Structures are given as C-alpha cells and as structure tokens.
Amino acid sequence: MNATEFWDELYERRAAETPKVNARLAEIAGPLAPGTALDLGCGGGGDALWLAARGWRVTAVDLSGAAVRSLRERGGPITALRVDLAEDFPGGTFDLVSAHYFHTPFELDRARVLRTAAGSVNPGGRLVVVDHGSAAPWSWDQDAQYPTPAEVAAGLELDPADWSIDRAEAAERLATGPAGRTATVIDHVLVLRRAGR
C-alpha cells in the first residue's frame, strides 16, 4: 500500500464523521484577526472549516483525494486541493500556515516541507506546527519518536533575524478517540512568527 492509498482508505472510512477543529488550533488562532490561512495535511477539514467560519480565507491541502472531496462536499469558502507535499507546494502567501499532526508512516522530507511553508508566511504571520508528543492508545503508530518543538525549530534553520518563537512547549490535553475512549496525551506545540507588520 502506498501513501495515497493509505490516507484515502483512512478518510473514506471517516467520511461520515463530522470533522472537529484541533484544540490547539482553536487555542492559537482564536485570538487572531482573520486573514489568509493554509492548512497542510487538512484531513477531514475540521481546522479549515473552523477557520473559514471565523472569516479566514482558507486553502486546505492533503495528499488524500478522498479527504479533499469530502471537504469540498461540505461546502464553504475553502479552496481544497489535492497536493502531494513530497513533490509540490501550493502557491500564494498566507498570514497563518498550520501543520497539525503532520506525521506519516511513509517517507517524507518533513523539514523541507515546513521550510517551504515558512517561506509562504507573510510578514507578521505565523507558522504553527503541532506534533504528537505521545501516542494515544488508539494511535496507528505506537512506537513513533516525535521531535520536540526545539528540535523542529532547529531543523527549519530559519533566520533568527526574521523569525521569533512565540511558543514552544509540551502541553497535555484530554483526547477523545474511537468509541468515545479518552486518554491524556501530550502535544508538542511550536508557534513561529515572521518579523514585519
């Protein structure tokens, strides 16, 4: 099974579910004035729909055609695109670029994708990277080792004269999984702000 088949199968199974915003995105973007946003690896579209409902002009991309179709069918002022970020990147610049749980069991030069994402952030804008810091009992990859926020920031090799770290921490939250199961998990939260404006 290749990456496209893996993610299509996952999102075809989830097509009937109502997508929800990631808690960290709501926490981070809630106080921000709406602008342009890019949602990398949008999945079911919960973050994109939440941002659009608050006035953001959202471009949402995913490798999975099933995820993109599902998001388009939900309607709303969202540009939903199937993009293989291993090979391509959407055009444009954005006030907010969000990469939530941007993990894959397949080969991907994640640091390169996130550096490209940083290059698409407008002056004064933010790059938000939220990673798993621990595996929930229902996660598909129980043995993964996740980078810390400091490791992600270092791997991006961004110019400190142009970028500042607004937030870099491991934060706990209560997560709800399949069949309503709950578990305390750790998120690695990194918020970088580009200088300007």
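The values are calculated or read from the model by the stated rules, or taken from the named source; none is laboratory data. For clarity, every value in this text was computed on a predicted model and none was experimentally measured. Cβ coordinates were reconstructed from backbone atoms using ideal geometry, including for glycine residues, and neighbour counts include every protein chain displayed. Please note that ligands, DNA and RNA were not included when accessible areas were found on the heavy atoms of the full protein model with its side chains. Shrake-Rupley method; radii C 1.70, N 1.55, O 1.52, S 1.80 Å.
Filtered by the rule that a residue be over 22 Å from A111 (Cβ atoms) and open to solvent by less than 60 Å² (accessible area, probe 1.4 Å), region 49-59 gives L49, W50, L51, A52, G55, W56, V58. Residues being under 17 Å from the mean Cα position of the chain (by Cα), in a loop (DSSP other than H, G, I, E, B) and surrounded by fewer than 18 Cβ atoms within 10 Å (Cβ to Cβ) are represented in region 148-156 by at least one member.
Collect the residues in region 120-138 that are over 15 Å from the mean Cα position of the chain (by Cα) and crowded, with 16+ Cβ neighbours inside 10 Å, keeping them in residue-number order. Explain how you work it out, then say what you get.
Within region 120-138, the subset over 15 Å from the mean Cα position of the chain (by Cα) is 122-125, 134-138.
Correct list: N122, G125, S134, A135, A136.
For region 157-194, the set of residues classified as assigned to a helix (DSSP H, G or I) and free of Cβ contacts under 8 Å to residues at least 24 places away in the same chain consists of A179, G180, listed by residue number.
Cβ-Cβ contacts under 6 Å between residues 6 or more apart (or on different chains), taken from a first residue in region 48-72 that is on the phi > 0 side of the Ramachandran plot to a second residue that is in a loop (DSSP other than H, G, I, E, B), are listed as G55/P34. Can you name the residue in region 69-84 that is at pLDDT 95 or above and open to solvent by less than 20 Å² (accessible area, probe 1.4 Å) and is also farthest from W7 (Cα to Cα) among such residues? Per the stated criteria, the residue is A80.
For region 49-64, a residue qualifies if it is in a loop (DSSP other than H, G, I, E, B), in contact with a Pro (Cβ under 6 Å, 6 or more places away or on another chain) and among the hydrophobic types (A, V, I, L, M, F, W, C), and exactly one does: W56. For region 90-119, a residue qualifies if it is open to solvent by less than 10 Å² (accessible area, probe 1.4 Å) and over 20 Å from R24 (Cα atoms), and exactly one does: V113. The residues of region 108-120 that are free of Cβ contacts under 8 Å to residues at least 24 places away in the same chain and either touching a strand residue (DSSP E or B) at 6+ places or on another chain (Cβ under 7 Å) or over 10 Å from L85 (Cα atoms) (or both) amount to a single one, G119.
I'd like the residue in region 1-16 that is in contact (Cβ under 8 Å) with a residue 60 or more places away in the chain and surrounded by 15 or more Cβ atoms within 10 Å (Cβ to Cβ) and, out of all such residues, is nearest to G43 (Cα to Cα).
First, the residues of region 1-16 that are in contact (Cβ under 8 Å) with a residue 60 or more places away in the chain: 2-4, 6-7.
The next check asks that each one be surrounded by 15 or more Cβ atoms within 10 Å (Cβ to Cβ); those that pass are 3-4, 6-7.
Working: A3: 13, T4: 12, F6: 12, W7: 9 Å.
So the residue we want is W7.
Answer with yes or no whether L127 is at pLDDT 95 or above, in a strand (DSSP E or B) and either in contact with a strand residue (DSSP E or B) (Cβ under 7 Å, 6 or more places away or on another chain) or of a type in the set (F, W, Y) (or both). Criteria met by L127. Can you tell me which residue within region 17-48, out of those that are outside any loop (DSSP other than H, G, I, E, B) and open to solvent by 40 Å² or more (accessible area, probe 1.4 Å), is farthest from H132 (Cα to Cα)? Here the answer is E27. If you go through region 114-155 and keep only what is out of contact with any helix residue (DSSP H, G or I) (no Cβ under 9 Å at 6 or more places or on another chain), closer than 15 Å to T104 by Cβ and of a type in the set (D, E), you end up with D141, D143.
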